[in-house]
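Here's the structure we're looking at; comments come further down.
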Amino acid sequence: MADEATRTAFLEIQASMIDLTGKLKQAVVITAALNMIQCHIEVIRLLFPVVQTQMRNKEGDRKRAYLTLEELRPLPPHTNTYKFLLEPKTVLEGEQEQKLKDSEATIASLQTSRENNLRELLQQEPGITRQIMSMSM
């Protein structure tokens, strides 16, 4: 009878130990997943201002190119203009139009990149929406 009681107690302790080991492994996996999510959030927080700054810079480039084109358009076609050296108007117009197109393409690309990063982060962990909303946009 004592052997049976000891055996039963041993089996209960063993089952409890197996259960606790499983829970511990699960907690380790959950902790690792949370750490990974926190790293993603930190990367987004660090990249967000960089992308915003790049977008502001490209927006300034776009505005300068647009305004320069607006000033060049009324001039006669064969007017010589100054950039650093005397150049024909068509050369300057072509450069400004290219800058305008490049800036608009870069702005669109940065906007898409920012949206994709946020979307990916939200899909991974919907609970972090509050943290993202607390970031200044």
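Of note:
- Residue in the range 67-78 that is in contact with a Pro (Cβ under 8 Å, 6 or more places away or on another chain), more than 30 Å from residue 123 (Cβ to Cβ) and either surrounded by fewer than 13 Cβ atoms within 10 Å (Cβ to Cβ) or among the aromatic types (Phe, Trp, Tyr) (or both) present: yes
- Residue pairs whose Cβ atoms lie under 9 Å apart, sitting 6 or more positions apart in sequence or on different chains, and linking a residue in the range 85-98 that is more than 13 Å from residue 64 (Cβ to Cβ) and touching a residue at least 12 places away in the same chain (Cβ under 8 Å) to a partner that is among the hydrophobic types (A, V, I, L, M, F, W, C) and surrounded by 13 or more Cβ atoms within 10 Å (Cβ to Cβ), are 89/72; 89/75; 93/69; 93/72.
- Total residues in the range 56-109, condition in contact with a Lys or Arg (Cβ under 7 Å, 6 or more places away or on another chain) and assigned to a helix (DSSP H, G or I): 9
- Subset of the range 53-98 (residues that are under 30 Å from residue 110 (Cβ atoms) and basic (Lys, Arg)): 56, 58, 62, 63, 64, 73, 83
- When we screen 51, 28, 43 for residues that are under 30 Å from residue 124 (Cβ atoms), at pLDDT below 85, in contact with a Ser or Thr (Cβ under 7 Å, 6 or more places away or on another chain) and assigned to a helix (DSSP H, G or I), the only hit is 51.
- Filtered by the rule that a residue be of a type in the set (D, E, K, R) and within 28 Å of the chain's Cα centre (by Cα), the range 51-84 gives 56, 58, 59, 61, 62, 63, 64.
- Residue satisfying all of: in the range 31-40; under 17 Å from the mean Cα position of the chain (by Cα) and of a type outside the set (A, V, I, L, M); modelled with the lowest pLDDT among these: 40
The values are calculated or read from the model by the stated rules, or taken from the named source; none is laboratory data. The model shown is predicted, which means the values in this text are computed figures rather than measured ones. Note that we place each Cβ from the backbone using ideal geometry, even for glycine, and neighbour counts take in every protein chain shown.
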